[in-house]
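Read the figures in this text as sums done on the coordinates, not as results from a lab. These figures come from a predicted structure and were not determined experimentally. With ideal geometry, Cβ positions are generated from the backbone for all residues, glycine too; neighbour counts draw on all protein chains shown.
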Amino acid sequence: MGAFADTLWDLLGLSPRRSSSGRRRRPRATSAPRPSGGRTTRAQQRYDDLVDELKSSWDIRVHKWRSSTSGCAWEVKDRVGKVTRMIESPYPRGPMSCAVFLHEVGHHAIGFNRYRPRCLEEFKAWEWALDQMEARGLNITDSVRKRHFESLRYAVAKACRRGLKRLPVELEPYLPEGFTVGA
C-alpha cells in the first residue's frame, strides 16, 4: 500500500468476503405457495384448478397471497429484458376473492398500458374477470357486482380529481355525482 489506500478495505486492513463463485447469488424466485387449508370441497377444487391453470397459461408468479380482498398486478424486467409477471391477491375461496384474483390476472391478460386513461384499463380488467367467471360457470354474486361498480366509480373519481380531460363512453355510468370531466 502506497501513501493512500486504494480501497476502504485496504484502509481498514480487511479483505472483502467473496462467495465461492466470486459474486452473490440470489435464491431463485418462486411463486408463493398455496395457502394451507382444511378439507378440500368440490368448489374449492375448482378454484385451485383455476389458479393453477391461469398461473401457467399467463406465466404469472404470485408474489404474495393477501388476506384482504385487495390486489396488485405488475411486471418486472430484468437486465436482459425478460419480463416476469407478478400479482398479489387473495387466494380464491369464494366469489369475491375469485373476482379479485381474476381482475389481477386480467391486467396481464389485457396488457399493461394498452388502454388510456388508467380507469379504462381498470374497466377492461374487470370486464375480463367477470367474463371469465361467467364462461367458467362461477358464481357472480350481488356483492361481486357491487365491488365491480364501486371499484370503477373510485377509479373514475380518482381520474377526475387528477384532471381527466375526456371520459370514455364505457365509463360514463361510473361517474360519481358532483364530478365533472374536463372542467
Note to self: Given R₀ = 25 Å, what would the calculated FRET efficiency be for Arg114 paired with Arg79, taking r from the Cβ atoms and rounding to 0.05?
What the structure shows: 0.50
Notebook entry, point to check: Relative contact order for the chain: what is it in percent, counting Cα pairs under 8 Å that are at least 6 residues apart?
Noted result: 13 percent
Item checked: Ascending count of other beta-carbon atoms within 10 Å, so fewest first, for Phe112, Phe123, Phe4, Phe101 -> Phe4, Phe112, Phe123, Phe101
Margin query: Report, in listed order, any pair from Lys55/Lys165; Lys77/Lys146; Lys64/Lys124 with a Cα-Cα distance greater than 31 Å.
Written below: Lys55/Lys165; Lys77/Lys146
Next item on the list: Would you compute, from DSSP H runs of 4+ residues alone, the mean residue ellipticity of the chain at 222 nm, taking -39500 (n - 2.57) per run and dividing by the full residue count, rounded to the nearest 500?
Entry: -13500 deg cm²/dmol
Margin query: Can you tell me the length gained on complete extension of the stretch Thr30 to Arg162, counting 0.36 nm per residue apart and subtracting the Cα distance?
Written below: 43.8 nm
Checklist line | Of the DSSP H helices in the chain, those whose Cα atoms cover at least 15 Å axially and whose Kyte score averages 0.0 or more | finding: 95-110
Checklist line | Spread of Cα-to-Cα distances over 5 Å intervals beginning at zero, given as percent, for the chain | finding: 1, 7, 13, 15, 14, 12, 9, 7, 5, 4, 4, 4, 3, 2, 1, 0
Notebook entry, point to check: Build a GNM of the chain with springs between Cα atoms under 10 Å: which of Ser68, Ser97, Ser89 gets the top mean-square fluctuation?
Noted result: Ser68
